[in-house]
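Peer 1: So that we are looking at the same thing, I have put the structure below in structure tokens.
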Amino acid sequence: MTTVFHDEDADLAALGGETIAVVGYGNQGRSQALNLRDSGLSVVVGNIGDAARARAASEGFSVHDVAEAVARADVVMLLIPDEVMPEVYARDIAPRLRRGACVSFASGYNVAFRLIVPPPELDVVLVAPRMIGPGVRDRYVQGTGFPSFVGVHQDATGRARARMLALAKGIGSTRAGCLALTMEQEAHLDLFTEQGFGPAMGLALRQSIELLVEQGYPPEAVLMELYMSGELAYTAQRFVDTGLVAQMDFHSHTSQYGSMTRSAKLMDVDLKPRLLAALDDIRSGRFAEEWTAEQRAGLPLFNQMKAMREHYPLVEWERRTRKAFRMD
Ligand code: NDP
């Protein structure tokens with residue numbers, strides 16, 4: 001059964017007298033550190049010596065090297081990029097964690113694919129916002145909160161669940177609701193959105209653009225029509241607010257008739273085998289192995305594909321559209 005935790009399920013007192021080390025002061029780290037502090041919890045920041053460190057200090061935090069922050073803490077929130085986490089964890093974090101400490105992950109990836117295997121004497125929890133970093137802060141300040149996926153992976157102290165819920169409340173997430181998931185489920189869903197759903201949606205968009213330009217429509221008009229006007233983004237918010245089906249009533253009858261009848265004509269297109277292949281790559285650990293090997297090799301394919309992006313005709317069409325509509 002699906003469990004969703006709300007404010008009344010969580011008690012900040014579970015972290016009373018405990019020090020939380022927020023490791024990393026980037027997208028998530030900064031927002032979560034500010035929210036936890038504003039919720040009355042005791043926060044220190046652990047960071048490498050760089051610009052983010054200066055920012056954390058200027059915003060009033062006690063900032064230390066990662067190992068030092070961890071040594072001072074009862075709860076450690078790992079908010080550094082997933083790809084550097086195993087190395088930083090092994091070098092600076094694992095040796096300094098106190099017995100009975102709680103380690104919190106904002107993404108299930110490293111634990112799910114066993115790139116980090118915390119010892120049994122630790123509480124290990126998941127508090128994974130479904131919100132980008134700036135939104136985590138903005139929604140806290142507005143008082144609306146944001147959803148998260150949460151879970152207890154390991155309970156050494158008998159307090160892991162209470163600590164997890166207090167962290168989720170402290171960052172402002174139980175206000176919107178926190179759905180219980182395992183590290184594996186969170187990692188699989190997250191990767192599937194990026195590797196299954198995202199590419200499928202991207203393919204439909206890319207082929208639509210190519211087709212319309214090939215058929216002689218001005219690229220600027222095509223991009224405006226398909227996404228650059230912001231209408232698509234606005235409509236996507238209606239998916240959330242009113243539902244995918246109910247939002248159809250906001251469109252004209254011509255639009256509704258056309259999209260319903262033409263969607264029916266696409267019923268025979270079965271993407272599921274391709275989507276299942278993407279999910280299999282994820283669940284089997286093949287994707288994680290491939291990505292680890294790619295990082296160890298110095299990111300040759302990643303860099304090659306990234307360099308190719310600049311040469312897509314789409315990039316030039318977007319530039320022209322932005323200029324024509326004075327969007328910069
Ligand atoms: P960022 O890319 O914003 O980086 C976070 C911090 O990590 C920065 O302070 C950065 O320092 C520091 N950092 C980078 N490399 C190292 C290193 N080798 N050693 C120590 N510190 C380092 O990360 P995010 O906030 O995007 O992601 C943090 C976690 O949150 C991840 O687990 C991610 O999956 C998860 N998450 C992210 C979401 C998002 O929207 N971004 C949404 C939900 C979860 P500096 O920049 O100063 O170099």
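The values are calculated or read from the model by the stated rules, or taken from the named source; none is laboratory data. Every value quoted in this text rests on a predicted model; they were computed, and no experiment measured them. A quick note on method: Cβ atoms are made from the backbone with ideal geometry, for glycine too, and the neighbour counts reach across all protein chains shown. Just so you know, the surface numbers come from the protein's heavy atoms only, side chains and all, with ligands and any DNA or RNA stripped out. Shrake-Rupley method; radii C 1.70, N 1.55, O 1.52, S 1.80 Å.
Peer 1: Among the hydrophobic types (A, V, I, L, M, F, W, C) and within 20 Å of the chain's Cα centre (by Cα): which single residue out of Leu78, Leu41 fits that description?
Peer 2: Leu78
Peer 1: Quickly run through the range 100-134 and pick out the residues that are without any contact (Cβ under 8 Å) to a residue 40 or more places away in the chain and in a helix (DSSP H, G or I).
Peer 2: Asn110
Peer 1: Of the conditions (1) in contact (Cβ under 8 Å) with a residue 12 or more places away in the chain; (2) more than 25 Å from the chain's Cα centre (by Cα), Ser58 fails just one. Which one is it?
Peer 2: Condition not satisfied by Ser58: (1).
Peer 1: Report, by residue number, each residue of the range 185-220 that is charged (D, E, K, R) and open to solvent by 70 Å² or more (accessible area, probe 1.4 Å).
Peer 2: Glu194, Arg206, Glu210, Glu214
Peer 1: Right, next: Do any helices (runs of 4 or more DSSP H) entirely within the range 223-328 hold 1 or more residues that are loosely packed, with under 10 Cβ neighbours inside 10 Å and either over 22 Å from the mean Cα position of the chain (by Cα) or modelled with pLDDT of 95 or more (or both), and if so, which?
Peer 2: By residue number, 253-265, 272-283, 286-296, 300-309.
Peer 1: While we're looking at this one, here's another question. Taking the conditions exactly as written (within 15 Å of the ligand (Cβ to nearest atom), out of contact with any Ser or Thr (no Cβ under 7 Å at 6 or more places or on another chain), open to solvent by less than 30 Å² (accessible area, probe 1.4 Å) and farther than 21 Å from Ala10 by Cα), does Ile132 satisfy them or not?
Peer 2: no
Peer 1: Could you list all residues from the range 140-169 that are under 20 Å from Leu181 (Cβ atoms) and within 16 Å of the ligand (Cβ to nearest atom)?
Peer 2: Gly145, Phe146, Pro147, Ser148, Phe149, Val150, Gly151, His153, Met164, Leu167, Ala168
Peer 1: Just one of the numbered conditions (1) outside any helix (DSSP H, G or I); (2) open to solvent by less than 70 Å² (accessible area, probe 1.4 Å) is not true of Thr144; which one?
Peer 2: Result: Thr144 fails condition (2) only.
Peer 1: What are the pairs with Cβ atoms under 8 angstrom where one residue, in the range 34-48, is in contact (Cβ under 8 Å) with a residue 60 or more places away in the chain and of a type outside the set (Asp, Glu) and the other, located anywhere, is crowded, with 23+ Cβ neighbours inside 10 Å and part of a loop (DSSP other than H, G, I, E, B)? Sequence gap at least six, or different chains.
Peer 2: Asn35/Ile171; Asn35/Gly172; Leu36/Ile171; Ser39/Ile171; Ser39/Gly172
Peer 1: Which residue out of Gly202, Gly172 is in contact with a helix residue (DSSP H, G or I) (Cβ under 9 Å, 6 or more places away or on another chain) and not acidic (Asp, Glu)?
Peer 2: None of the other options fit; the residue is Gly172.
Peer 1: Hey, can you tell me all the residues within the range 147-166 that are within 28 Å of Asp280 (Cβ to Cβ), of a type in the set (A, V, I, L, M, F, W, C) and open to solvent by less than 60 Å² (accessible area, probe 1.4 Å)?
Peer 2: Phe149, Val150
Peer 1: Tally time: how many residues in the range 205-222 are part of a loop (DSSP other than H, G, I, E, B) and among the polar types (S, T, N, Q)?
Peer 2: 1
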